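Quick notes on the structure that follows.
The values are calculated or read from the model by the stated rules, or taken from the named source; none is laboratory data. These figures come from a predicted structure and were not determined experimentally. Counting neighbours? That spans all protein chains shown, and the Cβs are built from the backbone with ideal geometry, glycine included. Note: areas computed on protein heavy atoms with side chains; ligands, DNA, RNA excluded. Shrake-Rupley method; radii C 1.70, N 1.55, O 1.52, S 1.80 Å.
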Amino acid sequence: MMLRTAFHDRVQALNQSNSWYDWKGYTSPSSYEVVEFEYFAIRNATAVFDLCPMTKYRIEGPDSEAYLNRLMTRDISKLKVGRVGYSVWCDDQGQVQDDGTVFHLADTVYRLCSQERCLDWLCWAALGFDVRITDETAAIAALAVQGPTSCATLRAMGFDGIEMLKPFGMRNFPFANGEVMISRTGFTGDLGYEVWTTPDLALPLWDALFEAGRDHLIRAVGSEALNIARIEAGFIQAGVDFVPAEQTIRPGRARSPFELGLGWLVDFDKPHFTGRKALLAEQKNGSRYRFVKLDVEGNKPAEHSFIFNARKQVVGTVTSAAWCPSAKTNIAFASLEMPWGLPEHRLSAEIYYNRELKWTRLMATCRVITDPVFDPERRRMTPAPSC
């Protein structure tokens, strides 16, 4: 039987399309009504996404910082209390196990949020460290509150000073008979927040949020709208744009941070971390793949397409694709064999689409782009706009 989140009663009541999917054992909405309406709520108003199924681990103890620094490729000692950092972690071969966010909650207390369940890996990596690791996925209710009026909505709930919260910062606020923690984080590339509380306060939080957001055109959104927003913002997703190393069956199917465009998360200045030796060798000898963002000709998403070079040779495949309405651009993420994927390379995508039982094949020219196509200034502004 599928699990239900702490917000399920409210989510189910709004889900007119009755469209659901399985998010790590939880019943989650793919869409509520019209995906396009939900997407534009993310970009023009306040959008709410139920985050409860996201994996959450509490890591605490005297060695918590040393443990995470051994686990992560990024230097966690630089992450101050009250801040959130994005990171990846690898196996001994330097292949990415997963990516996620690390919340530094208190001196020796962290929360790790990720797409995949990885408690076994975290516990094996803890050998010799004085830490306690707890899966608190079911103990934390969370909502993503995203969009240009998200700050105004939260302030209307009485969270005074929320506009001064900096990107990747977090702060606790009293709420009802308890409290919420609000972080300025998200997966949309827009101004946005994530609100964390205990399951007993979930429904009061949902009701207060939607009441406060009424004048700010608040709307619940599902995974399909979120997927368009994250592609538009240039964010990769585990299980879609890469296979977590622990889940691969065939050799060579995992990717390193360098092969996912995440080399900036690898800090060779810090002492040993898992995968360091392999990543140093890769840095010296070169990578097998290059992860690129492509601007694809036309408006047909290049989902699962082969990518060809000018000599009509297959040089890679698309991992994510979407027509992005705000940027008015047809975007694809692709994993290409080296040396392909430089801006000067001539590439094309083989796209198949079906209209009324007729399949059509087209070859669309692709241009490598290096910047996200949607990156609004409001995402970084402090104080946040519209508050």
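Some points to look at:
- Overall, the accessible surface of the chain at a probe of 1.4 angstrom is composed of carbon and sulfur to the extent of 51 percent.
- Contact order normalised by residue count of segment 1-112, Cα under 8 Å, 6+ apart, percent: 19 percent
- In the complete set of protein chains, residue-level accessible area for Glu246 is approximately 90 Å², probe 1.4 angstrom.
- Sequence ranges 299-312, 79-92, 224-237, ranked by mean other-Cβ count within 10 angstrom, highest first: 224-237, 79-92, 299-312
- Normalised by 2.2 N^0.38 Å, where N is the number of residues, the C-alpha radius of gyration of segment 93-149 stands at 1.37.
- Amide hydrogen neighbours beyond the local backbone of Ser320, cut-off 5 Å, H modeled: Phe333
- Among the lysines of the chain, pairs that are 8 or more positions apart or on different chains and have alpha carbons within less than 26 Å of each other number 18.
- Our coupling estimate for segment 343-356, obtained by passing each phi through the Karplus curve with A = 6.51, B = -1.76, C = 1.60 and θ = phi - 60°, is x, 7, 6, 8, 10, 8, 10, 8, 10, 10, 9, 10, 10, 6 Hz, Gly and Pro reported as x.
- In order along segment 232-249, the phi-based Karplus estimate (6.51 cos²θ - 1.76 cosθ + 1.60, θ = phi - 60°) of 3J(HN,Hα) comes to 4, 7, x, 8, 8, 10, 4, x, 10, 8, 7, 9, x, 3, 5, 9, 6, 9 Hz; Gly and Pro are listed as x.
- Accessible solvent surface per residue of segment 177-257, calculated while the other protein chains remain in place, 1.4 angstrom probe, Å²: 39 Å²
- Cβ-based net charge around Asn15, under 12 Å, with every Lys or Arg adding one and every Asp or Glu removing one: -3
- Taking every DSSP bridge with both residues inside segment 233-387, close to 95 percent are antiparallel.
- Rounded D (µm²/s) - segment 204-260, Kirkwood Rh over Cα pairs, Stokes-Einstein at 4 °C, 1.567 mPa s: 89 µm²/s
- Beta bridges per DSSP, both residues in the chain: antiparallel share near 95 percent.
- Residue by residue, segment 151-164 carries 3J(HN,Hα) couplings of 5, 4, 5, 5, 5, 5, 7, x, 7, 5, x, 4, 5, 8 Hz when phi is fed to the Karplus relation 6.51 cos²θ - 1.76 cosθ + 1.60 (θ = phi - 60°); x denotes Gly or Pro.
- Note on the chain: with a GNM built from Cα contacts shorter than 10 Å, the maximum mean-square fluctuation among Ile331, Ile59, Ile351 falls on Ile351.
- More than 29 angstrom apart: percent of Cα pairs within the chain: 45 percent
- FRET E, pair Lys277, Lys78, Förster distance 30 Å, beta-carbon r, rounded to 0.05: 0.85
- Adding -39500 (n - 2.57) for every DSSP H run of four residues or longer, then dividing by how many residues the chain holds, sets the calculated 222 nm ellipticity at -5000 deg cm²/dmol.
- Using all pairs of distinct alpha-carbon atoms, the Kirkwood hydrodynamic radius of segment 1-46 works out to 11.4 angstrom.
- In segment 158-248, the inverse of the mean reciprocal separation of distinct Cα atoms equals 15.4 Å; this is its Kirkwood hydrodynamic radius.
- Mean-position separation - Cα centroids, segment 236-260 and segment 154-193, in angstrom: 33 Å
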